[in-house]
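One structure is given below, encoded as structure tokens.
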Amino acid sequence: MVNERVTARYMQMDSMFNLGSVVVSRPGRKAGRIVTNKIRLGPMGVVMLDELLAAGAATGAAAVVYVMAAARVVRQYERGVVFRLGRLRKDVRGPGFTMIIPGVDRLRKVNMQIVTMPVPAQDGITRDNVTVRVDAVIYFKVADAADAVVRVEDYRFAVSQMAQTSLRSIIGKSDLDDLLSNREKLNQGLELMLDSPAVGWGVSIDRVEIKDVSLPETMKRSMARQAEADRERRARVINADAELQASKKLAEAAGVMSEQPAALQLRLLQTVVAVAAEKNSTLVLPFPVELLRFLERAAQPQGQAQPQAQAPAQAESPPQVQAEPEPRLPRVDEPPGLTAEQPPAVTG
């Protein structure tokens, strides 16, 4: 039934285009072999078949070229922003395989990873008039791919310039001690200054860190001297405090020993034992303290009597009278009547 339909269709085409003769034989067995239908194509049929095959191949090639031109692959850490005839499409392409219209659509990929950007060192003057050089580092990422592409030309360059200006502003508002010791507060202030304009660009500031603070050599030497003087002051205060505590303890020990005189002798003997334990050539001769006190008391009345004996002697001595100078006798070569009180007259 099928063979008859094919044969009839081919005969209709043959009558129209003169494709060739048709020989139809029903399937069957003859001499141990299967007999099938045989179709003989004329010259016109061969040409049409070649044209059909060529058209099919051209269509397949065009489809392959179209697919290759329209196919795009977006990575896991990227997002695709599509512009159709210059107009932004609302749908942002996610990671994976996607298609666009070649020549009409333009796909721009945006990296969504955290970016580490060093801020160049900035020279500035602190609030207490100290020249410093400060550099920092910024960690940020794109939160909205469409805003990062549409609202700013180059969001990386914009964040870099904003970071430099904000860092100089922070330097001018801070003291040197804050830059050296209170960096956490400065980092938070710098992050707030950067995050305010970056939100409109579709960028989120993750972290800002001040990396290094460079000081002039003169300031370094001054700070070293200040630190050395502060350490010396603390050492002296600690030493004085130790002396005060030791003096208080010695005063308490003296009070206890004054109640028991034998305690002083025992302390003296302990000192002698401690000195004799060392291998040295020192000879220790204990001298009683009571003997020294006796000699001091014996010498005290004599010292008080001498000033009292000298006082009446000075009161009885008569006042001394200065003697008048004796008159000088005239010399032999001097004229008579010329004395020391009357100088010779000078005539012109």
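The values are calculated or read from the model by the stated rules, or taken from the named source; none is laboratory data. Only a predicted model underlies this, so the values are computations on that prediction, with no experimental measurement involved. Glycine gets a Cβ as well: all are built from the backbone with ideal geometry, and neighbour counts include every protein chain shown. Side chains included, ligands, DNA and RNA excluded: accessible areas come from the protein's heavy atoms. Shrake-Rupley method; radii C 1.70, N 1.55, O 1.52, S 1.80 Å.
Tallying residues that are under 14 Å from Arg108 (Cβ atoms) and out of contact with any strand residue (DSSP E or B) (no Cβ under 7 Å at 6 or more places or on another chain) within segment 54-87 yields 3. The number of residues in segment 197-239 that are free of Cβ contacts under 8 Å to residues at least 12 places away in the same chain and not in a helix (DSSP H, G or I) comes to 0.
Every test in (1) within 46 Å of the chain's Cα centre (by Cα); (2) part of a loop (DSSP other than H, G, I, E, B) is passed by Val82 save one, and that test is (2).
Exposed (fewer than 14 other Cβ atoms within 10 Å of the Cβ), without any contact (Cβ under 8 Å) to a residue 24 or more places away in the chain and assigned to a loop (DSSP other than H, G, I, E, B) - does that describe any residue in segment 105-124? No: segment 105-124 contains no residue that is exposed (fewer than 14 other Cβ atoms within 10 Å of the Cβ), without any contact (Cβ under 8 Å) to a residue 24 or more places away in the chain and assigned to a loop (DSSP other than H, G, I, E, B).
Name the single residue, out of those in segment 138-168 being part of a helix (DSSP H, G or I), open to solvent by 80 Å² or more (accessible area, probe 1.4 Å) and touching a residue at least 24 places away in the same chain (Cβ under 8 Å), that is farthest from Ile210 (Cα to Cα). This residue is Val150.
Residue-wise test of (1) touching a Leu at 6+ places or on another chain (Cβ under 9 Å); (2) open to solvent by 50 Å² or more (accessible area, probe 1.4 Å); (3) at positive phi.
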position	(1), (2), (3)
Asp175	no, no, no
Arg183	no, yes, no
Pro197	no, no, no
Trp201	no, yes, no
Ile205	yes, no, no
Thr218	no, yes, no
Gln226	no, yes, no
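Quick check: is even one residue across segment 129-138 at pLDDT 90 or above and of a type in the set (D, E, K, R)? Yes, that holds for at least one residue.
Within the span defined as segment 85-102, every residue fails to be acidic (Asp, Glu) and either in a strand (DSSP E or B) or at pLDDT 90 or above (or both).
Once segment 185-194 is narrowed to residues that are open to solvent by less than 50 Å² (accessible area, probe 1.4 Å) and free of Cβ contacts under 8 Å to residues at least 24 places away in the same chain, the residue that is farthest from Pro118 (Cα to Cα) is Gly189.
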